[in-house]
Amino acid sequence: MQLSFEKSVAGRRTYVLPAPDVPKYELPAEMRRTLELPLPEMGEPDINRHYSALERRSFGVNDGPYPLGSCTMKYNPIINDQLASLPGFTQIHPLQEIDTVQGCLQALVEAEKFLAAVTGMDRMTFQPAAGAHGEFTALLMVKAYHEDRGDSERTQIIVPDSAHGTNPASAAMAGFETVNIPSNEAGGVDLDGLKKVLGPKTAGLMLTNPNTLGIFDPNIEEITALVHEAGGLNYYDGANLNAVMGVARPGDMGFDLVHLNLHKTFSTPHGGGGPGSGPVGCKAFLAEFLPHDMPIARKGEDGEYVYDLEVPEKTIGRVRSFYGNFLVTLKAYAYALRLGKAGIRAAALTAVLNANYMAEGLRDYYDISVPGPYMHEFVLTIEPLRQEYGITAMDIAKAIQEKGIHPPTMYFPLNVKEALMVEPTETESRETLDMMIEALREIRSRVDSDPESLRQAPRTTVIGRPDETTAARNPILRYTEPEAE
Amino acid sequence: MCAYLPSTEAERRAMLEALGKESALDFFSSVPAEQLAAAERVDLPEGMSELELSRKLNGLAAKNRQFAKIYRGYGAYNHYIPAMVDEIATRQAFVTTYTPYQAELSQGVLQTIFEYQTMICQLTGLDVSNASVYDGATAAAEAVNMCLERRRRHVLLSEGLHPQTIETVKSRFQYLNVEVTLIPLAESGETSVEALAELLDETVCGVLVAQPNVLGIIEPAAELFALAKKAGAKSVLSINPIAAAILPAAAEVGVDIAVGEGQPLGMPLSFGGPGLGFMAARQDMMRRLPGRIVGQTTDAEGRRAFVLTLQAREQHIRRERAMSNICSNQALCALRAGVYLTVMGPQGLREVAELSLSKAHYLAARLAELPGWSLRFDGEFFHEFVTDAPISGEKINAVLREHDILGGYPLADGGMVWCCTETVTREDMDELVNILREVG
């Protein structure tokens with residue numbers, strides 16, 4: 001398909017703005033751009049068709065099931081987007097006088113209260129724009145906490161080998177050294193391995209529970225207690241909270257800090273990669289280190305709440321401008337309100353039921369990395385098929401595309417060979433789960449009968465497998481006009 | 001009861017039965033019983049119908065004050081958003097799709113990002129762009145990270161950067177053995193060339209300047225960056241993307257990296273987010289760019305194909321040695337920016353810039369005529385300027401509110417930063433001046 005630049009015709013345009021009603025101001029010549037500005041020149045009808053064509057070449061949750069492990073691609077309710085588009089939210093300047101933004105602040109304060117209760121935390125900031133940003137924010141708080149106590153020798157963050165890559169990357173950004181620990185056979189934290197690395201240098205542990213193999217760690221209380229005894233803090237990576245929200249709380253598991261991915265657990269759309277939101281919750285003893293600004297509520301003389309902003313006493317500083325991805329927070333709050341206590345719990349229970357139902361349907365066809373029961377996801381390993389038939393996780397994933405299903409997460413977690421991580425979520429119906437099971441069974445049957453069809457997959461999409469090696473070796477990262485002949 | 005669950009109670013029971021379980025709670029045998037009990041005791045409201053939810057959020061929106069006319073900028077700008085932007089950016093396949101790791105299913109999204117990257121390169125005149133980061137402040141922090149070298153760990157930030165950008169950079173590097181020093185502004189409101197010359201030495205890795213700066217002044221960027229280059233430091237310019245249509249392009253003033261807040265490109269004010277952090281750099285810094293990047297390649301049949309590329313820089317491959325921890329970015333906002341720039345085109349974007357520039361100069365001249373009022377700086381400005389007046393900024397804004405006008409941003413020192421965009425008319429500005437004349 002052509003790029004907008006290739007459809008551009010000099011002089012074509014869409015007239016959007018009125019003629020000037022004030023004298024034209026001329027900047028001095030040395031303050032004027034001389035470089036050409038070759039943006040596309042197109043009329044509105046063609047722009048509209050251009051994007052319609054691009055939309056058809058995209059695949060969202062609305063187009064089909066999306067069992068992308070650890071990404072929680074649940075349905076994104078339309079009402080949330082619609083309410084977040086109210087002009088009473090979108091037309092509000094972030095630096096308006098505080099008494100003119102009471103609705104925005106109230107939404108933030110109420111969302112904080114709701115999500116803090118769900119996670120078992122006391123305070124929560126919505127500043128972080130994504131999960132990784134939340135990790136970084138929380139680790140700055142861990143650092144600030146130890147420094148504040150004069151405990152500056154605590155330089156190590158412990159991360160299991162099944163963790164997301166963001167964990168060690170965030171630790172490095174906050175000035176920590178990462179200590180990796182292996183998982184045990186059941187996919188949980190290896191207690192002896194943990195004990196071996198705990199000590200006076202331990203600043204904290206970052207843990208995803210349930211972990212990326214879909215297992216709720218049965219030793220969770222012992223793990224967090226061991227870290228506390230060593231003087232470290234426990235950090236909960238909320239990537240997989242969808243399995244346990246309303247059923248168990250990180251705060252009760254012994255965690256001191258948590259980040260959530262509102263774009264996973266709380267249904268805000270992924271938008272092709274963002275905007276997300278990665279709020280950080282903490283126990284009361286860490287609240288003085290939160291980033292600024294923190295929205296707060298005060299009871300006025302008339303008994304009504306008045307909302308304000310506050311800078312925590314020993315704040316780690318600011319992690320981005322203004323108040324985070326506010327509209328995303330709003331959508332997540334709308335979702336939380338709609339579900340309420342019972343709905344949140346029902347969502348988690350159904351997500352877990354759906355995952356186990358799918359795992360059971362596939363058990364006789366594929367190897368699953370660890371025995372169940374699973375939480376919200378499970379991990380297939382294609383390694384035996386690779387050894388016997390040369391079929392890889394990639395081949396299976398590409399064949400799934402031909403069935404109108406988005407593939408599971410490939411090659412993650414790293415501690416499973418040829419991994420395919422499946423997370424159906426609670427918003428898929430039984431027929432859809434059956435359809436996915438049937439699709440994967442049919443693909444399995446072709447591993448012996450017609451492996452070539454898997455290696456050539458996908459054959460029904462607008463392109464076949466792209467040449468990624470050439471893309472990385474000879475990067476073309478923007479359009480350039482062809483040289484005139 | 002739970003909204004958005006398609007399966008019925010009976011279906012779920014049948015599925016449980018098929019798995020030999022009585023309740024979904026049976027899957028939670030690893031969770032200690034007292035934890036399950038504690039979660040059940042949590043005090044949370046019951047769910048709402050869609051109608052009740054709509055009522056509740058409309059109520060919250062109504063508690064905010066929306067102004068008919070906005071003269072406040074200072075990091076968030078009220079530009080007109082063409083109808084096409086909202087229409088296209090709310091199409092469901094764009095809204096509900098994941099990061100395009102599965103290229104075959106995601107050519108559309110990948111192409112929108114590739115087009116966005118190209119347009120950011122065109123605006124800045126630079127060679128490579130990434131697929132976006134969180135906002136302008138974090139983009140500046142990422143740029144600092146790109147400049148750091150083992151022996152050069154001192155970064156100079158112009159005081160003309162937005163204060164929140166400065167704060168964000170400081171928190172980002174507080175534990176990484178990086179020294180951050182501010183370059184003061186001269187009386188003209190420009191970053192002081194003399195002060196920069198004095199601060200530069202062989203420890204400085206990067207110099208960051210905003211164009212225009214937070215007080216609206218157009219910076220002598222070429223002069224500042226010539227000094228930086230001579231001292232072996234990288235040059236980073238934080239640009240307003242609308243101003244970029246008419247001010248010298250980043251590449252024309254010798255920058256290595258250009259960053260900025262993309263909110264003016266088709267994103268509403270939204271109480272400050274989501275916006276868009278854009279980043280572009282010279283070719284030689286390509287592999288130091290953080291975050292996702294889309295590249296062009298082909299499939300086996302030779303068809304043009306787009307993919308996420310250069311992933312060896314990223315956290316999921318490199319873990320603790322990654323350039324940055326970023327994965328989620330602001331893709332849908334980048335799509336908005338792409339649609340905005342395509343609808344406006346080069347001519348339209350220049351018009352937005354020219355109108356903002358001319359209106360700001362019209363208002364500045366009219367305000368300066370008021371008794372006791374003056375413009376604080378003589379330097380050239382884009383669409384923001386600072387006034388000093390005989391009455392306080394708070395007082396001015398209190399009066400303007402009565403007329404449904406959001407006045408300028410009051411500085412702590414009593415000055416006021418005004419902003420004009422194409423959204424205000426001459427009539428509006430005359431009305432504003434008349435109101436202020438009567439306040440005295």
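The values are calculated or read from the model by the stated rules, or taken from the named source; none is laboratory data. Just so it is clear, the structure is predicted and the values come from calculations on it, not from any experiment. No Cβ is skipped: glycine too gets one built from the backbone with ideal geometry, and neighbour counts run over all protein chains shown. What goes into the accessible areas is simple: the full protein's heavy atoms, side chains included, and nothing from ligands, DNA or RNA. Shrake-Rupley method; radii C 1.70, N 1.55, O 1.52, S 1.80 Å.
Assorted remarks:
- For residue A:106: the one exception among (1) in contact with a Leu (Cβ under 8 Å, 6 or more places away or on another chain); (2) closer than 30 Å to residue A:381 by Cα: (2)
- Considering residues of the stretch A:273-301 that are out of contact with any Asp or Glu (no Cβ under 7 Å at 6 or more places or on another chain) and assigned to a helix (DSSP H, G or I) only, the residue surrounded by the most Cβ atoms within 10 Å (Cβ to Cβ): A:289
- Qualifying residue in the stretch B:164-171 (condition: in the same structural domain as residue B:223 (by TED's automatic domain parsing) and in a loop (DSSP other than H, G, I, E, B)): no
- Out of B:126, B:161, B:156, B:110, sole residue that is open to solvent by less than 20 Å² (accessible area, probe 1.4 Å), part of a loop (DSSP other than H, G, I, E, B) and more than 24 Å from residue A:128 (Cα to Cα): B:126
Residues are listed down the side, and each one gets a yes or a no for (1) at the interface with chain B (Cβ under 10 Å from one of its Cβ atoms); (2) closer than 13 Å to residue A:329 by Cα; (3) without any contact (Cβ under 8 Å) to a residue 60 or more places away in the chain:
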| residue | (1), (2), (3) |
| --- | --- |
| A:102 | yes, no, no |
| A:106 | yes, yes, no |
| A:110 | yes, yes, no |
| A:117 | yes, no, yes |
| A:122 | no, no, no |
| A:127 | yes, yes, no |
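- Pairs are defined by a Cβ separation below 9 Å, a sequence spacing of at least 6 or placement on different chains, a first member in the stretch B:1-20 that is free of Cβ contacts under 8 Å to residues at least 40 places away in the same chain and more than 9 Å from chain A (Cβ to nearest Cβ), and a second member that is of a type in the set (Asp, Glu) and open to solvent by 30 Å² or more (accessible area, probe 1.4 Å); the pairs so defined are B:20/B:26.
- Answer from A:421, A:436 - the residue that is in a strand (DSSP E or B), open to solvent by less than 10 Å² (accessible area, probe 1.4 Å) and of a type outside the set (Val, Ile, Thr): A:421
- Selection status of residue A:42, closer than 30 Å to residue B:53 by Cα, within 7 Å of another protein chain (Cβ to nearest Cβ) and either part of a loop (DSSP other than H, G, I, E, B) or acidic (Asp, Glu) (or both): no
- Count - residues of the stretch A:183-235 that are open to solvent by 30 Å² or more (accessible area, probe 1.4 Å), in a loop (DSSP other than H, G, I, E, B) and within 12 Å of chain B (Cβ to nearest Cβ): 3
- Annotation for the stretch B:366-375: no member residue is outside the structural domain of residue B:96 (by TED's automatic domain parsing), part of a helix (DSSP H, G or I) and acidic (Asp, Glu).
- Per the listing B:282, B:287, the residue uniquely of a type in the set (Lys, Arg) and modelled with pLDDT under 95 is B:287.
Residues are listed down the side, and each one gets a yes or a no for (1) facing chain A (nearest Cβ under 7 Å); (2) closer than 30 Å to residue A:461 by Cα; (3) out of contact with any Cys (no Cβ under 8 Å at 6 or more places or on another chain):
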site	(1), (2), (3)
B:238	no, no, yes
B:242	no, no, yes
B:250	no, no, yes
B:269	yes, no, yes
B:285	no, no, yes
B:310	yes, yes, yes
B:316	yes, yes, no
B:321	no, no, yes
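- Of residues in the stretch A:459-484 being out of contact with any Gly (no Cβ under 7 Å at 6 or more places or on another chain) and crowded, with 19+ Cβ neighbours inside 10 Å, the one farthest from the other protein chains (Cβ to nearest Cβ): A:465
- Residue B:167 being in contact with a strand residue (DSSP E or B) (Cβ under 8 Å, 6 or more places away or on another chain), surrounded by fewer than 24 Cβ atoms within 10 Å (Cβ to Cβ) and farther than 18 Å from residue B:340 by Cα: no
- Every pair of residues 6+ apart whose Cβ atoms lie under 7 Å, when the first sits in the stretch A:421-441 and is more than 18 Å from residue B:8 (Cβ to Cβ) while the second is basic (Lys, Arg): A:439/A:403
- Filter result for the condition that a residue is under 21 Å from residue B:139 (Cα atoms), in contact with a His (Cβ under 6 Å, 6 or more places away or on another chain) and not in a helix (DSSP H, G or I), over B:236, B:214, B:207: B:214
One line per residue, one yes/no per condition, for (1) at pLDDT below 95; (2) at positive phi; (3) away from every other protein chain (no Cβ under 12 Å):
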{"position": "B:363", "(1), (2), (3)": "no, no, no"}
{"position": "B:370", "(1), (2), (3)": "no, no, yes"}
{"position": "B:392", "(1), (2), (3)": "yes, no, yes"}
{"position": "B:395", "(1), (2), (3)": "yes, no, yes"}
{"position": "B:416", "(1), (2), (3)": "no, no, yes"}
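- Flag for residue A:374 being open to solvent by less than 10 Å² (accessible area, probe 1.4 Å), in the same structural domain as residue A:441 (by TED's automatic domain parsing), outside any helix (DSSP H, G or I) and touching a residue at least 12 places away in the same chain (Cβ under 8 Å): yes
- Checking every residue in the stretch A:4-19 against the condition of being facing chain B (nearest Cβ under 7 Å), surrounded by 22 or more Cβ atoms within 10 Å (Cβ to Cβ) and not hydroxyl-bearing (Ser, Thr, Tyr) gives zero matches.
- You will find that of A:247, A:306, A:311, the residue that is at pLDDT 95 or above and surrounded by 20 or more Cβ atoms within 10 Å (Cβ to Cβ) is A:247 and no other.
- Among residues of the stretch A:319-372, those that are within 7 Å of chain B (Cβ to nearest Cβ) and not β-branched (Val, Ile, Thr), counted: 23
- Helices (runs of 4 or more DSSP H) fully within the stretch A:68-172 that include at least 3 residues being open to solvent by less than 10 Å² (accessible area, probe 1.4 Å): A:78-84, A:102-119, A:131-148.
- Helices (runs of 4 or more DSSP H) (entirely within the stretch B:48-104) containing at least 3 residues that are buried (at least 19 other Cβ atoms within 10 Å of the Cβ) and touching a Phe, Trp or Tyr at 6+ places or on another chain (Cβ under 9 Å): B:50-62, B:83-89
- Residue list for the stretch B:408-440, filter: open to solvent by less than 10 Å² (accessible area, probe 1.4 Å) and out of contact with any strand residue (DSSP E or B) (no Cβ under 7 Å at 6 or more places or on another chain): B:420, B:421, B:429, B:433, B:436
- Annotation: residue B:226 fulfils all but one of (1) outside any strand (DSSP E or B); (2) touching a helix residue (DSSP H, G or I) at 6+ places or on another chain (Cβ under 8 Å); (3) aliphatic (A, V, I, L, M); the unmet one is (2).
- Candidates B:52, B:87, B:40: the one that is more than 7 Å from every other protein chain (Cβ to nearest Cβ), within 30 Å of residue A:187 (Cβ to Cβ) and of a type outside the set (S, T, N, Q) is B:40.
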